[in-house]
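To start, the structure itself, in structure tokens.
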Amino acid sequence: MPTNGHRRPLTLLHAADLHMGSDTSVLESLKGLDALVESARSLSADAVLIAGDLFDAQNIPHDVVRRTFAALAEIGRPVVVVPGNHDTLLVSPVFRETPLPANVRVLLTAEGESAKLDSLDLTVWGRPVYDHSPAFRPLQGMRPRPDGGWYVALAHGLVTGSAGMVGRSSPILPAELAQAQCDYIALGHVHQFRQASRGGPPAFYCGAPSGVSEPTMAVVRLHPQEGVSVAPVKL
């Protein structure tokens, strides 16, 4: 990991797969959202990263959408979201007209885009899922490391590497993980806390905050001398 004397330690809360508006676990998803807000506060997180599937589908009740973004606004720190395969609401043309809280950024450029959080000296890159198919690669086209500062990637997909995963949609290849020029890769799609590093930067699935037997998120600490540490936040 390159050194940079201007970087300061950061604490990031990595979440994914909230599935707000799910027909099967309405109350559970709301509890997960509340847990996200509380965890961001209790950890004094500098920023929150949501690696896909914030929502469960396109036809989400308006009150759920409003409550979701109101909760993210309450965090009072930058929140960066990359749409996952369930986030058909976020990638729909109608959503582009939706006003967002000042602290929330949704990455919508199909080829991938970066959010530069100047106050944190942090750049977050992500490629939204418009086409959940084997042809779509969440880390493909990742931009080179910016000059200076921390660099984190968001990716919603399935890390491949075994014969049984051939042909799966939104694959993340081991070589892409190994060669990524960033400090951390925040993964979503697998609803369990799991390390997926392949010799490059640390890459982790954070799990899901509700609807699973062991709900989790992840706390990521970036330190210019000590490196990157990742631990589950058990809910």
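Quick notes on this one:
- Each of the GluC sites (Glu not before Pro) that DSSP puts in a loop and that has at most 16 other Cβ atoms within 10 Å breaks the chain; the longest unbroken stretch is 112-225.
- Ranking Ala70, Ser25, Ala15 by Cα position along the charge dipole of the chain, where only Lys, Arg, Asp and Glu carry charges on their C-beta atoms, puts Ala15 farthest toward the positive end.
- Distance between the C-alpha centres of segment 7-72 and segment 162-235: 17 Å, rounded to the whole angstrom.
- ³J(HN,Hα) computed for each position of segment 6-11 - Karplus, 6.51 cos²θ - 1.76 cosθ + 1.60, integer Hz, glycine/proline x: 8, 6, 10, x, 10, 10
- Top of Pro174, Pro101, Pro61 by mean-square fluctuation, Gaussian network on the chain, Cα under 10 Å: Pro61
None of the figures in this text is laboratory data; all of them are computed from the coordinates on show. For clarity, every value in this text was computed on a predicted model and none was experimentally measured. Virtual Cβ from ideal backbone geometry, glycine too; neighbours counted across all protein chains shown.
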